[in-house]
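No value in this document is a laboratory result; all are computed from the given coordinates. All of these numbers come straight from a predicted model, not from anything done at the bench. Virtual Cβ from ideal backbone geometry, glycine too; neighbours counted across all protein chains shown.
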Amino acid sequence: MLLAMPPLTYVAVDPAALRHNLAQARTLLEPATQLMAVVKANAYGHGLVLAASVFAESGADWLGVSTLEEGAALRAAGLHLPILVFLPCPPEQAADLIAHRLSATVVGEESLVALARAAEIAQRPAHYQFYLDAGLGRPGVDDLPRLMEIASGFPLLVLDGLYMHLDAAAAPRLGPLETLKPGAEFRLFAATAHEITDRLLGTRVPLHAAASALALTRPEARLDLVRLGTLLYGQYPASVPPAARSLDLRPARSLRSTVAWRSNSSACSSANSAAVIQNARRCQEPSGTRSKSGFSIQRSIHPRQKSSSTMGTSRTARAMRIARASGY
Ligand SMILES: Cc1ncc(COP(=O)(O)O)c(C=O)c1O
């Protein structure tokens with residue numbers, strides 16, 4: 001049923017705050033460092049297409065999503081930025097990833113070859129990135145040189161990057177080098193990855209490891225690109241210490257609701273609470289209809305309407321009758 005009124009309770013998203021947060025995040029980065037705006041999970045509840053469009057207009061270089069479906073929805077909405085799909089590519093999704101020009105995450109030979117074959121059939125390039133697990137327990141590439149050798153036999157495969165996912169809490173697990181010299185592990189990762197790509201591809205590809213927490217706390221982890229979610233939505237990850245909270249972030253989301261009923265009585269019983277819920281539901285339904293909760297609405301009572309028959313104690317009594325009739 002189409003509602004005549006907007007919903008009483010809704011999430012309001014402020015595009016200006018999203019723009020502002022992205023500009024703030026940029027101040028952390030060297031000009032050459034790229035920024036991927038992470039819009040997975042409905043842009044952390046902010047609306048996938050809305051948030052992605054704002055980030056694209058505000059200069060994000062990449063968008064990051066979890067699934068093929070999210071990436072396809074962004075393409076359908078007319079977004080042209082490069083998009084990385086984080087979940088490892090299942091071979092059966094290879095053709096759709098290519099059709100939507102999405103960069104697939106590859107962690108093994110089967111999906112790499114499936115992408116290459118689908119690219120040959122479509123006669124289009126297949127973009128992908130290798131994911132290396134760095135202790136989070138996610139599936140990752142275990143023999144990068146071997147996979148790159150295989151990839152070199154397929155001219156339509158285009159490697160867009162190599163990446164890991166770490167958060168600040170995972171940093172202590174980076175390894176012994178890190179405890180001797182902060183940043184050493186990232187430099188070692190970068191040096192090794194460059195050596196392999198130089199040798200096997202004859203070119204360098206972007207390397208990335210940092211999400212919000214590391215981008216804030218570990219400059220050496222920013223590498224060629226940072227993938228930012230939490231920061232762009234106006235929050236600091238819990239692991240970020242106060243000293244590293246240097247940006248001026250604005251919350252981009254607020255929960256708004258309409259007051260459906262206000263009691264003059266200070267006493268509040270569970271029956272009263274139920275009546276408030278019932279009144280809120282009734283305001284969305286036309287007068288005289290039968291609500292889903294099973295009671296007949298005689299007359300629509302909107303909280304802003306002043307009706308003598310629904311004021312004060314008579315209103316309370318009426319609301320409680322409604323609640324009881326509805327089984328509360
Ligand atoms: C692979 C990957 N990169 C980046 C992010 C963004 O993380 P954050 O919200 O901490 O910035 C996520 C989110 O979980 C992710 O899965």
Taking only the alpha-carbon positions of region 192-270 and ignoring solvent, what does the Debye formula give for the base-10 log of I(q)/I(0) at q = 0.23 Å⁻¹? -1.05
Placing +1 on each Lys and Arg Cβ and -1 on each Asp and Glu Cβ in region 14-244, then taking the dipole about the Cα centre, the residue among S212, A72, A134 whose Cα reaches farthest towards the positive end is S212
Give the peptides 194-203, 85-94 in descending order of average Cβ contacts within 10 Å, highest first. 85-94, 194-203
Taking H placed 1.01 Å from N in the peptide plane, check which residues at least 5 places from A126 or on another chain put their amide H under 5 Å from its amide H. L157, V158
Region 14-244: relative contact order from alpha carbon pairs under 8 Å, six or more residues apart, as a whole percent, is 19 percent
Compute the length gained on full extension between R75 and S263: take 0.36 nm times their separation in residues and subtract their Cα-Cα distance, giving the result in nm to one decimal. 62.8 nm
Per 0.36 nm of contour for each residue apart, how much would the distance between A16 and D133 grow if the chain were fully extended, relative to their Cα-Cα spacing? 38.6 nm
Net charge dipole size for region 14-244 [Lys, Arg +1 and Asp, Glu -1 on Cβ; Debye, nearest 20]: 420 debye
Would you calculate the separation in nanometres between label points at A99 and L50, each defined as 7 Å from the Cα along the Cα-to-beta-carbon direction? 3.0 nm
Alpha carbon convex hull of region 129-239, volume per residue in cubic angstrom: 110 Å³
Non-local amide H neighbours of T105 (under 5 Å, H modeled in plane, Pro and chain starts lacking H): which ones? V85, C89, Q129
Radius 12 Å from Cβ of L87, net charge of other residues (Lys, Arg +1; Asp, Glu -1): 0
Percent of alpha carbon pairs in region 29-114 separated by more than 23 Å? 23 percent
Distance cut-off 30 Å, percentage of C-alpha pairs in region 14-244 lying past it: 23 percent
Using a Förster distance of 25 angstrom, determine the FRET efficiency expected from the C-beta separation of R204 and E110, and round it to 0.05. 0.40
Take every Cα pair under 8 Å in region 71-167 that's 6+ residues apart, average their separations, divide by the length, and report that relative contact order as a whole percent. 26 percent
Around H165, which amide H atoms from residues at least 5 apart in sequence, or from another chain, sit under 5 Å from its own amide H, with H modelled in the peptide plane? A134
